[in-house]
1. Considering only segment 91-134, how many residues are surrounded by 14 or more Cβ atoms within 10 Å (Cβ to Cβ), in a loop (DSSP other than H, G, I, E, B) and modelled with pLDDT under 85?
2. Between a first residue in segment 182-211 that is more than 17 Å from ILE135 (Cβ to Cβ) and a second residue that is among the small types (Gly, Ala, Ser) and part of a helix (DSSP H, G or I), which pairs have beta carbons less than 7 Å apart while being 6 or more apart in sequence or on different chains?
3. Name the residues in segment 1-32 that are under 18 Å from VAL65 (Cβ atoms) and either more than 24 Å from the chain's Cα centre (by Cα) or small (Gly, Ala, Ser) (or both), would you?
4. For segment 17-24, does any single residue satisfy the condition of being outside the structural domain of SER230 (by TED's automatic domain parsing), surrounded by 12 or more Cβ atoms within 10 Å (Cβ to Cβ) and of a type in the set (Gly, Ala, Ser)?
5. Could you tell me whether any residue of segment 141-155 is modelled with pLDDT of 90 or more, loosely packed, with under 13 Cβ neighbours inside 10 Å and of a type in the set (D, E, K, R)?
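The values are calculated or read from the model by the stated rules, or taken from the named source; none is laboratory data. Values in this document were obtained by computation on a predicted structure and should not be read as measured data. Cβ coordinates were reconstructed from backbone atoms using ideal geometry, including for glycine residues, and neighbour counts include every protein chain displayed.
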Amino acid sequence: MKSPQRDLPRSLILGILLVTGLYLLLSAIYSYVLPIDEMARSKLVAVDVAERCFAGGGRWIALAVMLSTFGAANAVILTSARVYFSMGEGGIFPAALGRAHPKFHTPSSSLIVQAGWSILLLFSGTFDTLTDTLIFVSWFFYAANAWAVVVLRRREPNAPRPFKVPWYPLVPVIFVAFGLVYLVLTVCNDVATYRKAVAAGQPAFMNCALGAALVLSGTPIYFYYRWKRSRSLSAK
């Protein structure tokens, strides 16, 4: 961005308005085509609405979902692997993950490890379990990132900032509060679902607990490499 102070807020505001408008438009279409009682019983509202509008509409919805999934997967694959790459390069993760491909200059080692871990997660449960776990963990880090704005403003008040959050600190504080409320409601919903499953004699576990366990499992690795890095720096 040549002018992040101007372009970043503009892109965020326009993007949020566009997505909100599309969601409201789709909701209005769903409500117009399907009665509320049928919508409540439907497992795939978009498919049922498309089938009501024209023959074979469900197939087009499935195709749209596939295309959207490819786009989301592409973004996650490209961005997530670079996090492990940066950690490996910085000495707080295995150094092998911080190596770039000699020809394509991509984080090849991180991409391979990420692919292997993703395949293992496919055997951990259903698709709904993975998405619920991911959403819970993601919102924890969303709230943590917003709080990091407050922390960095205090620790580095004079650091150059091409873009500053408007109405600081109100905006990050509101976002953090919303994130915490969302996490609490998610935990309460998981506990209620778990108790119903146990009462019915069905095997069950809480998705939020699974997400927290997966994240915390990497904590010893992080602290080990952090200690190793500090030791090597002190030796120099």
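1. 5
2. Cβ pairs passing all conditions: ALA204/ALA197.
3. Our first condition is that a residue be under 18 Å from VAL65 (Cβ atoms); within segment 1-32, this holds for 19, 22-23, 25-27, 29-30.
Hits for segment 1-32 are LEU25, SER27, ILE29, TYR30.
4. Start the filter on segment 17-24 by keeping residues that are outside the structural domain of SER230 (by TED's automatic domain parsing), which leaves 17-24.
Now narrow it down to the ones that are surrounded by 12 or more Cβ atoms within 10 Å (Cβ to Cβ): none.
Checked segment 17-24: no residue is outside the structural domain of SER230 (by TED's automatic domain parsing), surrounded by 12 or more Cβ atoms within 10 Å (Cβ to Cβ) and of a type in the set (Gly, Ala, Ser).
5. The answer is yes; a qualifying residue exists.
One line per residue, one yes/no per condition, for (1) in the same structural domain as PRO220 (by TED's automatic domain parsing); (2) over 30 Å from LEU233 (Cβ atoms); (3) touching a residue at least 60 places away in the same chain (Cβ under 8 Å); (4) surrounded by 11 or more Cβ atoms within 10 Å (Cβ to Cβ):
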| position | (1), (2), (3), (4) |
| --- | --- |
| PRO9 | no, yes, yes, yes |
| GLY15 | no, yes, no, no |
| SER27 | no, yes, no, yes |
| LEU67 | no, yes, no, no |
| ARG82 | no, no, no, yes |
